[in-house]
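The values are calculated or read from the model by the stated rules, or taken from the named source; none is laboratory data. Fair warning: this is a prediction, and the values are worked out from it, not measured in the lab. Positions of Cβ are generated from backbone atoms using ideal geometry, with glycine treated the same way; all protein chains shown enter the neighbour counts.
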Amino acid sequence: MNRVPGDEEMALVEHVEELRSRMMAAAIPITLITAIAFLFSGELLQVIWKQTVPVPMTIYSPMELVITKLTLSLMVALFIGIPLLVYEGFMFVGKGLYENEKLFFIRIVPFSFIMFLAGAALAYFAAVPLIFKYTILYSVDVANPQISVIKTIYTITTLLLGFGLVFQFPLLLVFAMKMGILKRESLGGKRKIIYGALIAFAFFVSPDPSAISELIVAAAFVILFEFSLVIARYF
């Protein structure tokens, strides 16, 4: 088998020790960021709530607010620590990669992160406020809405992650085109069929019973599909 230039064989114990040291190098800063973020988690929670939820906060247990603030702080730390985690992971596996594989990794990971941010931003500024606004206002005539803080944060997080993953769709298409599974020309000639399949898939995977997020996801899928055909020329 062809070996990667500069690659050196290491004992399993040495690999485990290196992995442990790199995990610690990422875990310690994330822990510190979590502690710092917790100091400002109350203000951050109020900002998020004001942007997304049109009714006051409600807690149903003495520890609910504390757990919510810890959860929010950890999410902030993980988000900020993603570049560090990716770097440590790349340094660990990079020794076994060829130069063209390293170059592809360096090009694709930042683009993936940017696309995830775009999807999360769409959810935070458009989908989530619309979902809460219409679902809550729809129930006002029947019951007085009181929303649990921690369950709301979990719902918002799920939607942010979901939209971020949806925006990875162009990368999946690019991978399929580069591997020869799909052809760019054939995809471009079957737009109506693909649009219908994407819209149906958006209604299947979206969790919103009001159909608002489904429509947003469907529109995002169509736009991302066209975007995928464009970027396939450069990867």
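From the list Ser61, Ser73, pick out the single residue that is closer than 25 Å to Ile150 by Cβ and surrounded by 16 or more Cβ atoms within 10 Å (Cβ to Cβ).
Working: Ser61 fails: surrounded by 16 or more Cβ atoms within 10 Å (Cβ to Cβ).
Sole residue among the options that is closer than 25 Å to Ile150 by Cβ and surrounded by 16 or more Cβ atoms within 10 Å (Cβ to Cβ): Ser73.
List pairs: first in segment 16-31 and under 17 Å from Lys95 (Cβ atoms), second assigned to a helix (DSSP H, G or I) and of a type in the set (A, V, I, L, M), Cβ under 8 Å, 6+ apart or cross-chain?
Arg22/Met91; Ala25/Leu84
Suppose we keep only residues that are hydroxyl-bearing (Ser, Thr, Tyr) and touching a residue at least 24 places away in the same chain (Cβ under 8 Å) within segment 40-63. Which one would you say is nearest to Tyr134 (Cα to Cα)?
Initially, segment 40-63 is screened for residues hydroxyl-bearing (Ser, Thr, Tyr), giving 41, 52, 58, 60-61.
Pick out the ones that are also touching a residue at least 24 places away in the same chain (Cβ under 8 Å) and you get 41, 52, 58, 60.
Details: Ser41: 27, Thr52: 11, Thr58: 19, Tyr60: 23 Å.
Only one residue fits best here, namely Thr52.
Can you say whether Glu88 is part of a helix (DSSP H, G or I), of a type in the set (Asp, Glu) and without any contact (Cβ under 8 Å) to a residue 60 or more places away in the chain, as far as the supplied structure shows? Give the derivation first.
Values: part of a helix (DSSP H, G or I): yes; of a type in the set (Asp, Glu): yes; without any contact (Cβ under 8 Å) to a residue 60 or more places away in the chain: no.
It is false that Glu88 is part of a helix (DSSP H, G or I), of a type in the set (Asp, Glu) and without any contact (Cβ under 8 Å) to a residue 60 or more places away in the chain.
Could you please find all residues in segment 83-105 being modelled with pLDDT of 80 or more and loosely packed, with under 15 Cβ neighbours inside 10 Å?
The answer is Pro83, and nothing else.
Can you name every residue in segment 164-183 that is of a type in the set (A, V, I, L, M), within 21 Å of the chain's Cα centre (by Cα) and surrounded by 15 or more Cβ atoms within 10 Å (Cβ to Cβ)? Before the answer, list the steps.
Let us first name the residues in segment 164-183 that are of a type in the set (A, V, I, L, M), namely 165-166, 171-174, 176-177, 179, 181-182.
If we keep only those that are within 21 Å of the chain's Cα centre (by Cα) as well, we get 165-166, 171-174, 176.
Residues satisfying the conditions are Val166, Leu171, Leu173, Val174, Ala176.
Within the group Leu130, Leu173, Leu161, Leu122, which residue is farther than 30 Å from Thr31 by Cβ and either at pLDDT 85 or above or not in a helix (DSSP H, G or I) (or both)?
Numbers: Leu130 fails: either at pLDDT 85 or above or not in a helix (DSSP H, G or I) (or both); Leu173 fails: either at pLDDT 85 or above or not in a helix (DSSP H, G or I) (or both); Leu161 fails: farther than 30 Å from Thr31 by Cβ.
Leu122 is the lone residue from the list that is farther than 30 Å from Thr31 by Cβ and either at pLDDT 85 or above or not in a helix (DSSP H, G or I) (or both).
Could you please find all residues in segment 37-58 being assigned to a helix (DSSP H, G or I) and either in contact with a Leu (Cβ under 6 Å, 6 or more places away or on another chain) or surrounded by 14 or more Cβ atoms within 10 Å (Cβ to Cβ) (or both)?
Applying the first criterion (assigned to a helix (DSSP H, G or I)) to segment 37-58 yields 37-39, 41-52.
Correct list: Ala37, Phe38, Ser41, Leu44, Leu45, Ile48, Trp49, Thr52.
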